[in-house]
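Participant: Please find one structure pasted underneath; my questions will follow.
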Amino acid sequence: MQYRQLGQTGFKVSEIGLGCWQLGADWGKSLNNEQSFEILTEAVKNGVTFFDTADVYGNGKSETLIGDFLKHHNGSIKVATKFGRNSNVFPDKYTKDKLRQSVEESLERLGISSLDLLQLHCVPLDILQQGDIFDWLRDLKSEGLISHFGASVETIEEGLFCMKQEGLLSLQVIFNIFRQKLIEELLPRAEDKGVGIIVRLPLASGLLSGKFSKETTFSKDDHRNYNKNGEMFNVGETFAGIPFEKGVDIVDSISKDILPNEMTMVQLALRWILDHKAVSTIIPGASSPEQVIGNTQVSDLKRLPKETYKALEALYQKEIHNSIRGVY
């Protein structure tokens, strides 16, 4: 495992972290506590030092599991959590008291005295632009309840605005082979300002794993079923906003014409992201220890050949860009 700095004033993180949405069992196949601990244990065993969760993942279940896990492991693990999508605040009921309460509850579930990183959780742009919420974060930081703050965003506009805020350590963004537009402005701006980039949905909800066909189905409570076309929340959070059938065709094309002989689709997708130096860490989820092992091994792979970058960029411009749905 290789490590990078998260922001100029932050801390070192493993290039491959662990997204912990699935530990909350909000969707898809439910993981029991034993399975969750096996995933967390395998992650640490393979050099992962960064977990990403949120207060709403399983209504606190994900944070609680991580907190229980931390009781038996040393302090090398950094945990990032989020605030902003709970129904008592989203979309327009944000207050400093509710933020403080959320932080205190997260601290209790995680069993720690200060959050390593608190991220605004896809807070609407109009709320961000009012500015108060960033003042609240700075106050909580001065009090020691949080060590750093950042923002998880859905659009480039939101990301660029957040980067103007004093004290912002990091941005969490959707960035993958399907979502290349960030390369133009957001990533260079983040690099110039010393803002860390945390990448979610690196495999586009599994679509870029190469394991799906057009006949693949998902359970009723899986967001890849109920949010396939943005029925419940931003469609970009499911399959990175590309229509499922179109995505399968594109992955098949990549596998046939672009994928280097010695690589899997997962390795290609994750390595492509890591090859952008503005990226600090990637947070793929995992539903088994085997997936953790496969994901973490990518950190030690060589950079992709130049011709692979060029081929993927050409494919994006020709086949992908105009097919992406949702705010971006």
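The values are calculated or read from the model by the stated rules, or taken from the named source; none is laboratory data. Note that this is a predicted model, so its numbers are computed, not measured. Virtual Cβ from ideal backbone geometry, glycine too; neighbours counted across all protein chains shown. Each accessible area value is taken on the protein alone, full model and side chains, heavy atoms only, with ligands, DNA and RNA left out. Shrake-Rupley method; radii C 1.70, N 1.55, O 1.52, S 1.80 Å.
Participant: Tilt of helix 33-45 relative to the longest C-alpha principal axis of the chain, in degrees (0 to 90, nearest 10)?
Facilitator: 80
Participant: Something else about it: Using a 1.4 Å probe, what is the accessible area per residue for the chain, in Å²? Don't skip to the answer; put the middle values down first.
Facilitator: Values: 14090 Å² over 328 residues.
Per residue, the chain has 43 Å² of solvent-accessible surface.
Participant: Over the alpha carbons of segment 236-328, what is the largest minus smallest coordinate on each principal axis, giving the biggest first in Å?
Facilitator: Principal-axis extents of segment 236-328 (Cα, largest first): 33, 30, 27 Å.
Participant: May I pose another question? Suppose the chain between residue 160 and residue 214 were pulled fully straight at 0.36 nm per residue; how much longer would it get relative to their current alpha carbon spacing? The partial results should precede the final answer.
Facilitator: Details: separation 54, 0.36 × 54 = 19.44 nm, distance 3.62 nm.
Going from the current span to full extension adds 15.8 nm.
Participant: Follow-up question, since we're still on this one. Rounded to the nearest 0.05, what FRET efficiency do residue 142 and residue 184 give with R0 = 35 Å and r taken as the Cβ-Cβ distance? Could you check?
Facilitator: Details: r = 36 Å, r/R0 = 1.02.
Efficiency for this residue pair is about 0.50.
Participant: Turning to a different aspect of this structure: Figure the gain on full extension for residue 319 and residue 226 (residue separation times 0.36 nm, minus the Cα-Cα span) and round it to one decimal in nm.
Facilitator: Full extension from residue 319 to residue 226 adds 31.0 nm.
Participant: With no solvent and one equal point scatterer placed on each C-alpha of segment 113-182, evaluate the Debye formula and give log10 I(q)/I(0) for q = 0.20, 0.22, 0.26 Å⁻¹, two decimals.
Facilitator: Relative scattering, expressed as log10 I(q)/I(0), comes to -0.79, -0.92, -1.18.
Participant: Within the set 82/193; 12/220; 164/277; 61/96, which residue pairs have Cα atoms separated by over 28 Å?
Facilitator: Pairs exceeding the cut-off: 12/220.
Participant: Calculate the spin-label point distance for residue 74 paired with residue 112, positioning each point 7 Å from the Cα along the beta-carbon direction, and give it in nanometres.
Facilitator: If labels sit at residue 112 and residue 74, their model points lie 1.6 nm apart.
Participant: Give the calculated FRET efficiency between residue 4 and residue 291 to the nearest 0.05, with a Förster radius of 30 Å applied to their Cβ-Cβ distance.
Facilitator: Details: r = 22 Å, r/R0 = 0.72.
For R0 = 30 Å, the calculated efficiency reads 0.85.
Participant: Taking the Cβ of residue 306 as the center, what net charge do the other residues with Cβ under 14 Å away carry, scoring Lys and Arg +1 and Asp and Glu -1?
Facilitator: Residues near residue 306 contribute +1 overall.
Participant: Looking only at GluC sites (Glu not before Pro) in DSSP loops with at most 13 other Cβ atoms within 10 Å, what is the longest site-free stretch of the chain?
Facilitator: Working: sites that count: 166, 184, 185, 215, 231, 262.
Result for the longest clean stretch: 1-165.
Participant: Heavy atoms only, probe 1.4 angstrom, no DNA, RNA or ligands counted: give me 109, 303 ranked by accessible area, highest first.
Facilitator: The ranking, largest first, comes out as 303, 109.
Participant: If the cut-off is a Cα-Cα distance under 19 Å, which lysines reach residue 211, setting aside same-chain residues fewer than 8 apart in sequence?
Facilitator: 29, 228, 246, 256
Participant: Which net charge results when you count Lys and Arg as +1 and Asp and Glu as -1 among the other residues whose beta-carbon is under 14 Å from that of residue 203?
Facilitator: Net local charge, residue 203 excluded: +4.
Participant: Using just the Cα positions, wrap the chain in a convex hull and report its mean projected area in square nanometres, one decimal place.
Facilitator: 15.1
Participant: Between residue 92 and residue 301, what FRET efficiency follows from the Cβ-Cβ distance if R0 is 41 Å, with the result rounded to 0.05? Each step should come with its number before you reach the end.
Facilitator: On the way: r = 44 Å, r/R0 = 1.08.
So, using R0 = 41 Å, E works out to roughly 0.40.
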